[in-house]
Structure formats: structure tokens, C-alpha cells
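Shown next, in C-alpha cells, is the structure this report addresses.
The values are calculated or read from the model by the stated rules, or taken from the named source; none is laboratory data. Note that this is a predicted model, so its numbers are computed, not measured. All Cβ positions, glycine included, derive from the backbone under ideal geometry; neighbour counts span all protein chains shown. With ligands, DNA and RNA removed, areas are computed over all heavy atoms of the protein, side chains included. Shrake-Rupley method; radii C 1.70, N 1.55, O 1.52, S 1.80 Å.
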Amino acid sequence: MKQDQEANPVPFRLEDEPSLDGEEPPKFEDIGVNAIGHIASPRGVELVAVDSRPDEAVWHDMTTIGWVFHMFVSPPKAMLQIDNGPEMQMPRFFFLPPNLPMRWRSAPAVNSMCLFGPEFVSGLLGTEPAL
């Protein structure tokens, strides 16, 4: 499963705009989010452990890449806003569908994510990927 950011396999696409005209859009490393472990299976399941120390005052826009199960190892202090909904404290565990726009404001944390690729999900459901 190929992603935009091979070096940092976080299962989200960062949608933040550059802070200055002509700059490249930021990457997860630029905002303090770093993968500390990553493993991928040939069946389309990836596990990623992440250490994050971003600026707690800044909201970041992102979109899910695939079906993502997210779990905080340390207690979550982050804030989350899904698809222009209300701001809420990040739950300890949550499951997100692909292509979901969200905003996130984090505090220092360690968390893990499991990304389920479309072929894997289709195989589990026995349906078409578009469904």
C-alpha cells in the first residue's frame, strides 16, 4: 500500500496549507508527529506507532487515507473535530472510514494506528470496495 509520505507512514493525509506563499505544504515531521514503529502485512494491514509533540495551540487539517483504528497509549489530551462537527476531546479509541476530513489539535502523546487497506476490508465484508 503506497502512501504520500513513505518516510512517515501515518495513515492520514496532512492538508495544512503552507504558512508562507511559495513554501511547500508541511509534512507530519514538520508538525512534530513521528512514526516510531511501522509494520505492514502483504494482506493490506499496517500498524504504526506514533510519538507526537506538536504545538497544542494549532489546529491541523487532515484526511484519513483508509479505514483507520486509532488507539492512544498515553491518555489523550488532544482535541478533534470530524467533518466540521463540534470540537470534542479525542477518545481513547476510535475507528474512522476513508476520506474523512478532520481537524486535530494535539498534546504530547504516544498512540498507535491500524490501517486496513481496501482489499483487506473488501475481503472481510465480501463486498465491492466502493460499498
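When only residues in the range 18-44 that are in contact with a Ser or Thr (Cβ under 9 Å, 6 or more places away or on another chain) and part of a strand (DSSP E or B) count, which is surrounded by the most Cβ atoms within 10 Å (Cβ to Cβ)?
Looking at the filtered set, the residue picked out is Val33.
Take Ser41 and tell me if it is hydroxyl-bearing (Ser, Thr, Tyr) and either under 16 Å from Phe95 (Cβ atoms) or in contact with a strand residue (DSSP E or B) (Cβ under 8 Å, 6 or more places away or on another chain) (or both).
Criteria not met by Ser41.
Could you say which residue among Val68, Val48, Val73 is β-branched (Val, Ile, Thr) and in contact (Cβ under 8 Å) with a residue 60 or more places away in the chain? Spell out the reasoning first.
Numbers: Val68 fails: in contact (Cβ under 8 Å) with a residue 60 or more places away in the chain; Val73 fails: in contact (Cβ under 8 Å) with a residue 60 or more places away in the chain.
Going through Val68, Val48, Val73 in turn, the sole match is Val48.
Out of Leu96, Leu14, Leu47, report the one residue that is surrounded by 14 or more Cβ atoms within 10 Å (Cβ to Cβ), at pLDDT 90 or above, in contact with a Cys (Cβ under 8 Å, 6 or more places away or on another chain) and not hydroxyl-bearing (Ser, Thr, Tyr). Spell out how you get there, then give the answer.
Details: Leu96 fails: in contact with a Cys (Cβ under 8 Å, 6 or more places away or on another chain); Leu14 fails: in contact with a Cys (Cβ under 8 Å, 6 or more places away or on another chain).
When all the criteria are applied, what remains is Leu47.
Looking only at the range 113-131, count every residue that is outside any helix (DSSP H, G or I) and modelled with pLDDT of 80 or more and tell me the total.
So in the range 113-131, the residues outside any helix (DSSP H, G or I) come out as 113-117, 126-131.
Still in the running and modelled with pLDDT of 80 or more: 113-117.
Residues flagged as outside any helix (DSSP H, G or I) and modelled with pLDDT of 80 or more within the range 113-131 amount to 5.
Please work out which residue is nearest to Pro11 (Cα to Cα), limiting yourself to the range 50-98 and to residues that are of a type in the set (A, V, I, L, M, F, W, C) and in a loop (DSSP other than H, G, I, E, B). Let's see the steps before the verdict.
Initial filter on the range 50-98 (of a type in the set (A, V, I, L, M, F, W, C)): 50, 57-59, 62, 65, 67-69, 71-73, 78-80, 82, 88, 90, 93-96.
If we keep only those that are in a loop (DSSP other than H, G, I, E, B) too, we end up with 57-59, 65, 73, 78, 90.
On the way: Ala57: 23, Val58: 20, Trp59: 18, Ile65: 5, Val73: 17, Ala78: 17, Met90: 17 Å.
Across the range 50-98, the extreme among qualifying residues is Ile65.
Is it the case, given these coordinates, that Ile31 is in contact with a Pro (Cβ under 6 Å, 6 or more places away or on another chain), aliphatic (A, V, I, L, M) and more than 22 Å from Pro118 (Cβ to Cβ)? Lay out the reasoning, then the answer.
On the way: in contact with a Pro (Cβ under 6 Å, 6 or more places away or on another chain): yes; aliphatic (A, V, I, L, M): yes; more than 22 Å from Pro118 (Cβ to Cβ): yes.
The answer is yes for Ile31.
Quick one: is Met79 hydrophobic (A, V, I, L, M, F, W, C), open to solvent by less than 50 Å² (accessible area, probe 1.4 Å) and modelled with pLDDT under 90?
The answer is yes for Met79.
Report yes if Met102 is open to solvent by less than 30 Å² (accessible area, probe 1.4 Å) and in a strand (DSSP E or B), otherwise no. Spell out the reasoning first.
Details: open to solvent by less than 30 Å² (accessible area, probe 1.4 Å): yes; in a strand (DSSP E or B): yes.
Yes.
Exactly one condition in (1) over 17 Å from Glu46 (Cβ atoms); (2) touching a helix residue (DSSP H, G or I) at 6+ places or on another chain (Cβ under 9 Å); (3) at pLDDT 80 or above is false for Trp67; which is it?
Trp67 satisfies every listed condition except (1).
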